[in-house]
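Please read the structure below before turning to the comments.
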Amino acid sequence: TLSLHDALPIWPILEVLRGAFSSSTQVLEIGSGTGEHAAFFAGMLPHLVWQPTDVPAHLPGIAAWRDAVALPNLRVPLALDVDAGEWPVTEADAVFTSNTLHIMSWASVGHFFEGIGRVLRPGGVLAVYGPFSDDGKHTAESNARFDAFLRERDPLSGVRDWQAVDGLAKKQGLSLTGDHAMPANNRMLIWRHIL
């Protein structure tokens with residue numbers, strides 16, 4: 001049994017992914033963290049082959065979760081650096097990431113979307129979960145505090161403006177098709193690769 005001990009609202013995310021990834025077969029998860037959410041989603045969405053990735057330091061923890069659940073559709077985790085010109089996965093029809101864009105530099109967010117443009121098949125779906133500001137304004141006081149905390153820790157990080165992020169997505173042929181309110185003032189943005 002998974003012990004989902006952190007604040008990620010797992011069930012609301014699952015409900016969005018059920019719809020967004022209903023026609024998908026291969027999911028690339030970028031920034032899998034501890035790996036417990038990959039294990040959960042792979043178990044709840046058995047029609048998907050789930051490929052977790054993260055920086056090398058996180059791979060042992062992800063592998064431990066994979067071993068614990070022993071699901072046939074959960075792949076061995078791979079090292080992925082969004083800033084790299086080549087990613088270890090070259091094709092997917094769905095991509096999921098959670099709570100990553102605000103811990104990257106803006107340049108890295110750009111590289112993230114460039115990578116999505118390379119690997120996401122035409123018609124494929126990108127789902128991004130996390131906090132976003134709206135036209136330069138925070139949508140909640142808690143998000144403003146979180147943004148200040150992030151920028152104090154790393155001046156290159158911070159809560160991203162969804163319109164600015166959408167601008168990067170559009171450059172890669174991605175069209176915003178969904179914007180779902182999530183608990184704790186987060187959102188789930190859904191794009192489809194229209195090229």
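The values are calculated or read from the model by the stated rules, or taken from the named source; none is laboratory data. The structure presented is a predicted model; accordingly, all values stated were derived computationally and were not measured. Note: ideal-geometry Cβ built from the backbone for every residue, glycine included; neighbour counts use all protein chains shown. Ligands, DNA and RNA are stripped out before the accessible areas are found, and what is left, the full protein with its side chains, is counted by its heavy atoms. Shrake-Rupley method; radii C 1.70, N 1.55, O 1.52, S 1.80 Å.
Key figures
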quantity: Matching residues, region 55-72, being under 26 Å from Ser22 (Cβ atoms) and either under 18 Å from the mean Cα position of the chain (by Cα) or part of a helix (DSSP H, G or I) (or both); calculated: Ile62, Trp65, Arg66, Val69
quantity: Selection count, region 177-195, where residues are open to solvent by less than 70 Å² (accessible area, probe 1.4 Å), among the hydrophobic types (A, V, I, L, M, F, W, C) and not in a strand (DSSP E or B); calculated: 0
quantity: Residues satisfying the stated conditions in region 124-166, i.e. more than 23 Å from Pro9 (Cα to Cα) and open to solvent by 30 Å² or more (accessible area, probe 1.4 Å); calculated: Asp135, Gly136, Lys137, Arg151, Glu152, Arg153, Asp154, Pro155, Leu156, Gln163, Ala164
quantity: Region 99-108 - residue that is open to solvent by less than 20 Å² (accessible area, probe 1.4 Å) and among the hydroxyl-bearing types (Ser, Thr, Tyr) and, of those, nearest to Met188 (Cα to Cα); calculated: Thr100
quantity: Only one of Arg66, Arg75, Arg121 that is at pLDDT 95 or above, over 23 Å from Ile10 (Cβ atoms) and open to solvent by 10 Å² or more (accessible area, probe 1.4 Å); calculated: Arg121
quantity: The listed residue being touching a residue at least 60 places away in the same chain (Cβ under 8 Å) and under 20 Å from Ser24 (Cα atoms), out of Leu126, Leu176; calculated: Leu126
quantity: Segments classed as helices (runs of 4 or more DSSP H), wholly inside region 73-176, with at least 1 members that are of a type in the set (D, E, K, R) and over 24 Å from Ala38 (Cα atoms); calculated: 141-153, 162-171
quantity: Ala39 being outside any strand (DSSP E or B) and of a type in the set (A, V, I, L, M); calculated: yes
